[in-house]
Amino acid sequence: MKVTIFGKGNMGQAIGKNFELAGNQVEYFGNGDKAENLGDLVIMAVPFGALESIANQYKDELKGKIVIDISNPLNFDTWDELVVPADSSAAQLLQSWLPDSKVVKGFNTTFAATLQSGKIGDLPTTVLLASDDQEAKGTIKEALAGSPLRVFDAGALKRARELEATGFLQMTLAASEQIAWTGGFGIVE
């Protein structure tokens, strides 16, 4: 599968590595790059504040594609709140900006280091996916088969709010040095 990643930072590179390990072709675009020939799977590995601009710029090219939002829309000035409405999420806003795309929330409850290593302590790194499109979640899970990641279906797109709150909590714990940036939440089966 061809995977397009908007974002060349730590998260974009770590996510891309896992798709590459699973045998997918990955292409990266950074700020200012003109993206062409987007893959069927597009990952928005950018801050929340950049989502609307990219959505507007590539709205036509993203029609029918699976678009993964990894952002955690927290207030980076105060580190004390999410900046989206209490009954919504960054992913739900992205879906409203891209009504003809299949938006999925994912990768926001992991740190780049755990995606790179494939581990959180002794556990495999867990990726939680929320979307109203079951087929899109299945496609992502299949595309990551062969990577060290475990992928779980976290429910409908409205569950993105809880995923973003979990990502927010994890980031504040790391920023206050209560956990390491190589740590995080894992699932024991």
Once exposed loop trypsin sites (Lys or Arg not before Pro) are cut out (DSSP; at most 14 other Cβ, 10 Å), longest piece of the chain: 64-189
Percent RCO, i.e. relative contact order, over the chain, from Cα pairs under 8 Å lying at least 6 residues apart: 22 percent
Cα-based equivalent ellipsoid of the chain: semi-axis lengths in Å, sorted from largest, via gyration tensor: 23, 20, 16
Segment Lys8-Val83, extension gain: residue separation times 0.36 nm, minus the distance between their alpha carbons: 24.6 nm
Highest to lowest packing among 121-134, 38-51, scored as the average C-beta count within 10 Å: 38-51, 121-134
Residue list for segment 80-113, given a label point 7 angstrom along the Cα-to-Cβ vector of Ile187 and an amide N cut-off under 17 Å: 104-111
GluC sites (Glu not before Pro) restricted to DSSP loop in segment 7-55 with at most 13 other C-beta within 10 Å: Glu36
Label point distance in nm, Gln134-Glu36, each placed 7 Å from Cα along Cα→Cβ: 4.0 nm
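Just how large is the dipole of the chain about the Cα centre, in debye to the nearest 20, putting +1 at every Lys and Arg Cβ and -1 at every Asp and Glu Cβ? Could the numbers behind the result be given before it?
Numbers: 16 positive and 24 negative charges, 69 e Å.
For this selection, approximately 320 debye.
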Set of lysines near Lys158 by C-alpha distance (under 16 Å), chain-local residues within fewer than 8 positions excluded: Lys102, Lys105, Lys137
Environment charge at Ala14 (Cβ cut-off 13 Å; Lys +1, Arg +1, Asp -1, Glu -1): +2
Förster radius 35 Å - calculated FRET efficiency between Gln25 and Asn75 (Cβ-Cβ, nearest 0.05): 0.45
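Every number here is computed from the coordinates shown, using simple stated rules; none is lab data. Keep in mind it's a predicted model, so treat the numbers as computed, not measured. With ideal geometry, Cβ positions are generated from the backbone for all residues, glycine too; neighbour counts draw on all protein chains shown.
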